[in-house]
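Encoded as structure tokens, the structure appears first; notes follow it.
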Amino acid sequence: MKYKALVSILFTAILAGCGSTQTAQESEPQLPQTNIPDWVFNPFSEKGLAVASCVEYSENFNIDRNQAEMQARIQLMQSLDSKVSVLEKSYQKINKGDAGNQSAGSFEQIAKTIADGKLQMAVTEKTTIVDIAGKPQMCVLMSMPTKAMSEMFDGILDQTDAPISPDDKAAMYKEFMAQKAEKALESQTITQ
């Protein structure tokens, strides 16, 4: 009888010890393990305008990369559209008194056609698979070279009807390349 009591006390002590160890481990907060590069959250490229895009990884690398690249191109196009919108407003301010002025619709159409052509110059700089919220994601960093942006700007203005002074052109270029267009896109996205 003493033997059974001793075994049951010993067994209970072992179970209590295991239980308390498990509870201690569960009560400690587990920090998420991340391997997310900075460029995923803050896309930046020395080469020009940059965007990052991530899609859920389905273990088919090529399909997932192509999908992430497609989304990145859409983001670049949205960014270029906002830059063109800012450029159009600047153009209208400069030429608002001219009778032979180009309509806003044709300016926008010319700009979109040129931007679509230049979008083909976008390059994928980085590709990686990261864990975001416990799920693998395929992420890409895509950029539009500054040279392509400059060519796009020149192409748009070359197609306009009204002459633009060198000073106005320089101011428009600075505004076109500035973050003001990015902020316009962000505010437009927030209000939608």
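The values are calculated or read from the model by the stated rules, or taken from the named source; none is laboratory data. The shown structure was predicted, so the numbers you read here are calculated from the model rather than taken from an experiment. All Cβ positions, even for glycine, are placed from backbone atoms using ideal geometry, and neighbour counts span all protein chains on display.
Taken over region 144-172, the residue count meeting the criterion of being crowded, with 16+ Cβ neighbours inside 10 Å and farther than 13 Å from Tyr91 by Cα is 6.
Scanning region 165-192 for residues that are modelled with pLDDT of 75 or more and under 20 Å from Lys118 (Cβ atoms) returns Lys169, Met172, Tyr173, Lys174, Glu175, Phe176, Met177, Ala178.
When Asp131, Asp116 are checked against the criterion of being part of a helix (DSSP H, G or I) and either touching an Asp or Glu at 6+ places or on another chain (Cβ under 7 Å) or surrounded by fewer than 16 Cβ atoms within 10 Å (Cβ to Cβ) (or both), a single residue qualifies: Asp116.
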